[in-house]
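Participant: Sharing a structure, written as structure tokens. Questions coming.
The values are calculated or read from the model by the stated rules, or taken from the named source; none is laboratory data. Because the structure is a prediction, the values reported are computed rather than measured. Methodologically, a virtual Cβ is constructed for each residue, glycine included, from the backbone with ideal geometry; neighbour enumeration extends over all protein chains shown.
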Amino acid sequence: MTSTKHDQLTIKSLLLPMAIMSFTMALFFAFQTTQVMRDRSYLTQTLSQLETPFAESQKLNAQFGGLVVGTRQLAEQGNTTAKEIVARLKQIGVIADQEAEPAASNAMVPVAQEKAPAGPVKP
């Protein structure tokens, strides 16, 4: 085989494809960067919208815990209705048996709590 002028790779012949590939990669990275920034903005906005309902649910959980403790104290004093309510709460798993948890009269309602996600990193 003989090599001709058309078969040889030169810098000039590679310049255009490399320039197009470099430009395409730059556009791709720019697009991905804007998408990441937009997603971060949406996540931050969603997190700030969830803070108020989360605080309200914590408050409601504390109030319900107080009601359960008060109902348990009434049941210990002999109130039949309170005993029925405590029995039902034990049945559905809201409160544990007092024998298994001796300090339960001073405890809050044992609700499964997830670890709060870390807040957004502020630049």
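Per-residue answers, yes or no, for (1) within 30 Å of Ile95 (Cα to Cα); (2) assigned to a helix (DSSP H, G or I); (3) within 17 Å of the chain's Cα centre (by Cα); (4) free of Cβ contacts under 8 Å to residues at least 12 places away in the same chain:
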site: Phe23; (1), (2), (3), (4): no, yes, no, yes
site: Ala26; (1), (2), (3), (4): no, yes, no, yes
site: Thr33; (1), (2), (3), (4): no, yes, no, yes
site: Thr46; (1), (2), (3), (4): no, yes, yes, yes
site: Glu51; (1), (2), (3), (4): yes, yes, yes, yes
site: Asn61; (1), (2), (3), (4): yes, yes, no, no
site: Gly65; (1), (2), (3), (4): yes, yes, no, no
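Participant: Go over the candidates Gln113, Gln35 one by one and state the one that is at pLDDT 90 or above and not hydroxyl-bearing (Ser, Thr, Tyr).
Facilitator: Step by step, each of Gln113, Gln35 is checked, and only Gln35 is at pLDDT 90 or above and not hydroxyl-bearing (Ser, Thr, Tyr).
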